[in-house]
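Colleague: Please read through the structure below; I'll follow up with questions.
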Amino acid sequence: MTENQIIVGHAASTSGSALRRGAGAGYRWLLLLFLVAGVVQIFLAGLGVFHLHAYGLDDPAGDAALDPHRALGFAMAGIAILILVLALVARPGGRQVVLAVLLVLQTAFLQSLLAGLGDDSPVWGGLHALDGLLAIGVAGYLYGVALVRRRAAAQDLR
């Protein structure tokens, strides 16, 4: 191996690890954003439901009461997709990638499905709420693991 090959290989390795570190930081920040959005989402659901009672359940203005909750839910699905992409780049571990896939499935597909079915049966609406809490729990677990790994890596650098 020539000296130039060694230098190029080292530069590629360094830029790859810099990319992974940047993706890891973005991954942690998006998980935190997802958790904060989850708290706001619960507030918006309660606000919308009690607003529905003020207008009456069949009033068109009452249906709009849940629009902020819906909009944030779709935004959270987008955040979950970005979390998955950053997890694939940062490579936090197999379990974390699988849970990031689960988070995307929950927020992008299952939540909408359960909310739509909830119009026909309140049981599905209840499952929609439970799945939302589970999604927040998955994101909380992923964030906790990411923080522990970050702190362990910082200790190793000392």
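Colleague: [x] 12, 48, 36, 5; [y] 10, 33, 25, 16, 9, 4, 2, 0; [z] 9, 38, 40, 12, 0: which one is P(r) over Cα pairs in 10 Å bins from 0, in percent as calculated from this entry?
Modeller: Entry [y].
Colleague: Mind checking which helices in the chain clear 30 Å along their axis (Cα) and have mean Kyte-Doolittle hydropathy of -1.0 or more, DSSP H runs only?
Modeller: Values: long enough: 3-55 (75 Å, 0.84); 67-90 (34 Å, 1.78); 122-157 (53 Å, 0.72).
Membrane-span-like by this rule: 3-55, 67-90, 122-157.
Colleague: While we're looking at this one, here's another question. May I ask you to sort I81, I136 by Cβ crowding, counting other Cβ atoms within 10 Å and putting the fewest first? Show your work: numbers first, answer last.
Modeller: Working: I81 16, I136 20.
Lowest to highest Cβ neighbour count: I81, I136.
Since every read-out is calculated from the coordinates, none of them should be taken as a lab result. Computed from a predicted model, the values in this text were never measured in an experiment. Heads up, the Cβs are rebuilt from the backbone with ideal geometry, glycines too, and the neighbour counts pull from every protein chain shown.
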